[in-house]
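Asks: The following block contains the structure, expressed as structure tokens.
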Amino acid sequence: GQQVMQIPQYQHVQEGEDFTTYCNSSTTLSNIQWYKQRPGGHPVFLIQLVKSGEVKKQKRLTFQFGEAKKNSSLHITATQTTDVGTYFCAELKTSYDKVIFGPGTSLSVIP
Amino acid sequence: DGGITQSPKYLFRKEGQNVTLSCEQNLNHDAMYWYRQDPGQGLRLIYYSQIVNDFQKGDIAEGYSVSREKKESFPLTVTSAQKNPTAFYLCASSTPRTGEYGYTFGSGTRLTVV
């Protein structure tokens, strides 16, 4: 069953505001992946984090993996309308080579 | 261009009928996956295959069947035993370097039971 949870489920922000979604697990994660799905579209891989405390940036997006490897966050600075969509965290189960997805956070950006 | 092609984009099925969703990839990926997505929810794994002629059940395999006779193709059959088949179905593939590149998804098939 699902092992990662995400909060919030929905977030509405004014364009230009920052946005953060959190991914939490009760067990230690091997890694954390992040995907973005635009409305009506399919998920697109953004990044994978593996190391404890790891931080990676992609332009306005900052991804962080917790020190205990039980949580992760995605922060978007100065949101734009192109950021609209659902952001999923996921864990790659390396023993089985399958990805288990969290429930996602749906982001709406008000122009 | 390499990618994953899912067809049809929209599918309507009468109750009691089996339907088959197509998934073809030309990425030369070994592993392929089927996920189901319900409105406002995450992705749940139905079946996956890491190699030709082999596949494993995911978390919600009941009422579904698959085959993997060719590396490029991984069709999903939604049988009449699936009690609530209306959903968005996504096919994905990956290389052994899933961690580096993640999954590549097709554009999905929206199945509606009428």
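Asks: Can you name every residue in the stretch A:71-94 that is open to solvent by 30 Å² or more (accessible area, probe 1.4 Å) and among the small types (Gly, Ala, Ser)?
Replies: Passing the criteria: only A:ALA78.
Asks: For the list (1) at pLDDT below 95; (2) out of contact with any strand residue (DSSP E or B) (no Cβ under 6 Å at 6 or more places or on another chain), I need the number of the one condition that B:GLU62 fails.
Replies: The one condition B:GLU62 does not meet is (1).
Asks: Here's another thing I want to ask about it. Count, please, the residues in the stretch A:76-111 that happen to be part of a strand (DSSP E or B), more than 8 Å from chain B (Cβ to nearest Cβ) and of a type in the set (Ser, Thr, Tyr).
Replies: Adding up the residues that qualify gives 4.
Asks: Ok, one more. So in the stretch B:13-59, with the set limited to residues that are under 23 Å from A:PRO43 (Cβ atoms), assigned to a loop (DSSP other than H, G, I, E, B) and small (Gly, Ala, Ser), which one is modelled with the lowest pLDDT?
Replies: Looking at the filtered set, the residue picked out is B:GLY40.
Asks: When the stretch A:20-44 is examined, which residues are found to be within 12 Å of chain B (Cβ to nearest Cβ) and under 14 Å from the mean Cα position of the chain (by Cα)?
Replies: Passing the criteria: A:CYS23, A:ASN31, A:ILE32, A:GLN33, A:TRP34, A:TYR35, A:LYS36, A:GLN37, A:ARG38, A:PRO43, A:VAL44.
Asks: Okay, next question. Out of B:GLU72, B:GLU15, B:GLU100, B:GLU24, which single residue is open to solvent by 60 Å² or more (accessible area, probe 1.4 Å) and at the interface with chain A (Cβ under 10 Å from one of its Cβ atoms)?
Replies: B:GLU100
The values are calculated or read from the model by the stated rules, or taken from the named source; none is laboratory data. These figures come from a predicted structure and were not determined experimentally. As a convention, Cβ positions derive from the backbone with ideal geometry for all residues, glycine included, and neighbour counts pool all protein chains shown. Note: accessible area is taken over every heavy atom of the protein model, side chains too, but ligands, DNA and RNA are not part of it. Shrake-Rupley method; radii C 1.70, N 1.55, O 1.52, S 1.80 Å.
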